[in-house]
Structures are given as C-alpha cells and as structure tokens.
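Trainee: Pasting in a structure now, in structure tokens, and then I'll have a few things to ask.
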Amino acid sequence: MKQRIFSGIQPSGNLHIGNYLGAIKQWLPLQDEYDALFCVVDLHAITVPQDPIELHKKTLEIAKIYLAAGIDPEKCILFAQSHVKEHTELAWILNTIARLGDLDKMTQFKDKSAKGGAETSSVGLYTYPVLMAADILLYDTAVVPVGKDQAQHVELARTLAERFNKRFSETFVVPEVKLSKEGQIIMGLDDPSKKMSKSASSEYNYISLTDDAATVERKIKKAVTDSGSEIVYSDDKPALKNLINIYTLFSDKTQEEVVAMYQGKGYGDFKAGLTEVIVHFLSPFQERLASISDEEVEGVLRKGAEKARIIAKEKMRQVNERVGFLSE
Ligand code: AMP
Ligand code: TRP
C-alpha cells in the first residue's frame, strides 16, 4: 500500500515562482509514489482578514494553478479545505489537546502578529498550527512536504498525535516532514537574504505565475546582483546564486552547465537567458491556466471533497468514540 502524503497552499496573495519551484513542482512526482492529497487551505487564509470576493477568486485560481502545473485529479485528491467540515471538527478537539506552551513557541505566529500587534491578531491566527495538525492527522498522513518555515508546524502535529494516542489509545499516524532542498528555496529578487514572498511590499521581490513576458523581463533586469561581472555559483554571491538556482530549476540543467554556458559573458547575457527560460515555462503554463473554466475547477474540487470526506468521516468517527462522545 502507498504511503499517504498531504500538503496545502493558502488562497491569498500572488502565487510566485518560489511557490511553484519550492512546492508544486516537487509535488508532481509524488502523485505517483504516494497516495496524495493536495488542498487549497481557505480556512487558514481567513486567519488574517480577507476580502470575500478576492478569497473566492483566489481559491479558484490556486486550484487552477495546481491543475495547470500538472497536478492530476485522476491520481490524487485535490480539494478545498472548507468543503470537508471534519477539518474544523478535528481542529476543535486538537485545540483541547494542544497547550498554550506549545503554541507560544510558534515562530510564524510571533512573526505575523508582530506586524499588526498580538493584541489585535485573531485567535484563529494563534491556533492556525492546530488546524494544520488537523489537516494532516485526519488522513493518517505519513509524509508532509513543506518548506522549512512550516517544519515547526509539522512538529506540533507530531506532538499532538503522540499526546492524543497516549491519552486515548493509538489513533493517529505520527507524520514525518519532507523538506524542500536548500536550492529550492527561492530568495527575493530585490533582497537575496529573505525568501521570495507573496506578501512582499515590492513587486520587484517576486515573479508571479501570472506575469507576462514583458513583466518578467523588467523584473529580471532590475533583480539585484553581486559585485563583479563573472557568472559564478558561490555562497559569496547570494544574489547570483539565487538567479542560477532559478535558471537550473526551470531549465533542468545543472549549476555547472549554466555556469559553463555563460563563461566569458556578463550579467546582461545571463539575465537575458534567464528571462527566456522563465518565459519558456510561463507562457504554456499560462495558456493552460486560461483554458480552465471556473465550472471545470469547481467540479474537480467537488469530486475531490467527496473522496476526502470518506476518509475524514471514518477518522472522526474513531476520534469521537475515543474521546467519549455518544454516537449520532
Ligand atoms: P506560502 O506562500 O507561505 O503560503 O507557501 C506555500 C508553499 O510554497 C509552501 O510549501 C512554501 O514552503 C512554499 N514556498 C513559499 N515561498 C517559497 C520560496 N520563496 N521558495 C520556495 N518555496 C516557497
Ligand atoms: N501552513 C501551510 C503554509 O502556509 C499551508 C498548510 C495548511 C499545510 N495545512 C497544511 C501544509 C497541511 C502542509 C500540510 O505553507
């Protein structure tokens, strides 16, 4: 039997090439190796204020992005989190298992609440990692592929699974994290010391998956580079290293091959080549994206939720019984 894998992306902000290279692209081969569930985590998105019309649009867009990238609903379960009520049901129970001491350690909450002040942050933002644990544990997930920033949340899911199992008997699989490799973390084009982010204040930080060729060219031209003029791959040149990483991931060439191609050439030639490989990926991707209708993606999500619900309902029946609730 294949092991189960679960991952998700929030329908907020603009999905950028970092999300594609660091997450979605890594998921494509996993659809064959694992019994995979991929989720649009709309319940997580509303832990910070969202415009309802935008949220609706973004949820469809993210699902279309999954499909255009090659996530195949015949091979995996693709669904929207709010369609499967068991996520919130399990999150409540896990909220009674999680301790303030567990959540007080979560660095994402500290970072996010620091922006607007912890006083005015929602309680939902605070218990965000508990909902994420529910997503994972509901499906007996064995492996969770995420970026390093989410590792602490997966660790919490492990803690809650172990604590529940100990208190109520063996119920949940204790999940393992699967981190994206270092080269697959894409840094900001305007600041290579921070990761490319959909909430960045400048559009020159990222290349959105919906940017057209002219925009890609303009942004790559403006991307910061290091001193010197040679194309070398080195930790001393973090800006160039990041651009070479992007080049290799989109061209499936190695770093050595890319460096060799630009031997004796300068940043101008390299940036022109980089723009080309990005656009070479983005234009057919965007064509596929545009060809998927709202109705089509709604149908895919509805079917995905039906399949997810079967697994989730059975798990909740077990959980409710162990906790001591009367059967319905
Ligand atoms: P987020 O944009 O934080 O909701 O992340 C969605 C997914 O994309 C997660 O699996 C992240 O780890 C991944 N991701 C986000 N930003 C980057 C980045 N700059 N480089 C690589 N992966 C990223
Ligand atoms: N919190 C994750 C992020 O921001 C998204 C997410 C929600 C997730 N639930 C999940 C990822 C369950 C993996 C498994 O990237």
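The values are calculated or read from the model by the stated rules, or taken from the named source; none is laboratory data. Please read all numbers here as calculations on a predicted model, not as lab measurements. Ideal geometry is used to build each Cβ from the backbone, glycine not excepted, and the neighbour counts take in all protein chains shown. Please note that ligands, DNA and RNA were not included when accessible areas were found on the heavy atoms of the full protein model with its side chains. Shrake-Rupley method; radii C 1.70, N 1.55, O 1.52, S 1.80 Å.
Trainee: When only C-alpha pairs under 8 Å and at least 6 residues apart count, what is the relative contact order of the chain, in percent? Before the final figure, lay out the partial values.
Mentor: Numbers: 468 pairs, mean separation 72.0, N = 328.
Relative contact order for the chain comes out at 22 percent.
Trainee: Would you work out if the stretch 178-240 is rounded, prolate or oblate? Take a ≥ b ≥ c from the square roots of the eigenvalues of the alpha-carbon gyration tensor; rounded if a/c is under 1.5, else prolate when a/b is larger than b/c, oblate otherwise.
Mentor: Values: a/c = 1.83, a/b = 1.14, b/c = 1.60.
Since a/c reaches 1.5 but b/c is at least a/b, the shape of the stretch 178-240 is classed as oblate.
Trainee: Any idea what angle helix 238-251 forms with the longest principal axis of the chain, computed on alpha-carbon atoms, 0 to 90 degrees, nearest 10?
Mentor: On a 0 to 90 degree scale, this one is about 80.
Trainee: Helix 52-69 against the longest principal axis of the chain: what's the angle in degrees, Cα atoms only, rounded to the nearest 10?
Mentor: So the helix axis and the longest Cα principal axis differ by about 70 degrees.
Trainee: While we're on this one: Of all beta bridges DSSP finds with both residues in the chain, what is the antiparallel percent, to the nearest 5?
Mentor: Values: 2 of 17 bridges.
Taking every DSSP beta bridge with both residues in the chain, the antiparallel ones total about 10 percent.
Trainee: How would you order 97-110, 242-255, 168-181 from highest to lowest mean count of nearby Cβ atoms within 10 Å?
Mentor: Working: 97-110: 13.9, 242-255: 19.2, 168-181: 16.0.
In descending order of packing, they fall as 242-255, 168-181, 97-110.
Trainee: Rounded to the nearest 20 Debye, what is the dipole magnitude of the chain about its Cα centre when Lys and Arg each give +1 and Asp and Glu each give -1 at the C-beta?
Mentor: Working: 41 positive and 47 negative charges, 127 e Å.
Charge dipole, the chain, about its Cα centre: 620 debye, nearest 20.
Trainee: Can you compute the charge dipole magnitude of the stretch 223-285 about its Cα centre, using +1 on each Lys and Arg Cβ and -1 on each Asp and Glu Cβ, nothing else charged? Give it in debye, rounded to the nearest 20. Can you show the working numbers first?
Mentor: Details: 5 positive and 9 negative charges, 30 e Å.
Charge dipole, the stretch 223-285, about its Cα centre: 140 debye, nearest 20.
Trainee: Let me have the 222 nm mean residue ellipticity of the chain computed from DSSP H runs of 4+ only, each contributing -39500 (n - 2.57), with the sum over all residues rounded to the nearest 500.
Mentor: Details: 14 runs with 173 residues, N = 328.
Per the formula, -16500 deg cm²/dmol.
Trainee: From the residues Thr88, Pro11, Met1, which one has its Cα farthest along the dipole of the stretch 1-96 in the positive direction, the dipole being from +1 and -1 charges on Cβ of Lys/Arg and Asp/Glu about the Cα centre?
Mentor: After comparing all options, I get Pro11.
Trainee: Moving on to the next point. In whole percent, how big is the carbon plus sulfur part of the accessible area of the stretch 1-108, probe 1.4 Å, protein atoms only?
Mentor: Details: 2500 of 4450 Å².
Carbon plus sulfur share of accessible area: 56 percent.
Trainee: Okay, next question. Of the peptides 60-72, 118-130, how do they stack up when ordered by the mean number of other Cβ atoms within 10 Å, highest first? Write down the numbers at each step before the final one.
Mentor: Values: 60-72: 20.5, 118-130: 16.3.
Highest mean packing first, the order is 60-72, 118-130.
Trainee: Gaussian network model of the chain, Cα springs within a sub-10 Å range: biggest mean-square fluctuation belongs to which of Asp294, Asp135, Asp42?
Mentor: Asp294
Trainee: With the full set of protein chains in place, find how many percent of the accessible area of the stretch 128-198 is carbon and sulfur; take the probe as 1.4 Å.
Mentor: Details: 1570 of 2960 Å².
Whole-percent figure for carbon plus sulfur exposure: 53.
Trainee: With a probe of 1.4 Å, find how much accessible area the stretch 65-214 has per residue, and write the answer as a whole number in Å². Could you put the intermediate results ahead of the total?
Mentor: Numbers: 6910 Å² over 150 residues.
Ligands and nucleic acids excluded, the result is 46 Å² per residue.
Trainee: Let me ask something else about it. On C-alpha positions alone, give me the angle between the axis of helix 294-323 and the longest principal axis of the chain, in degrees, nearest 10.
Mentor: 40 degrees
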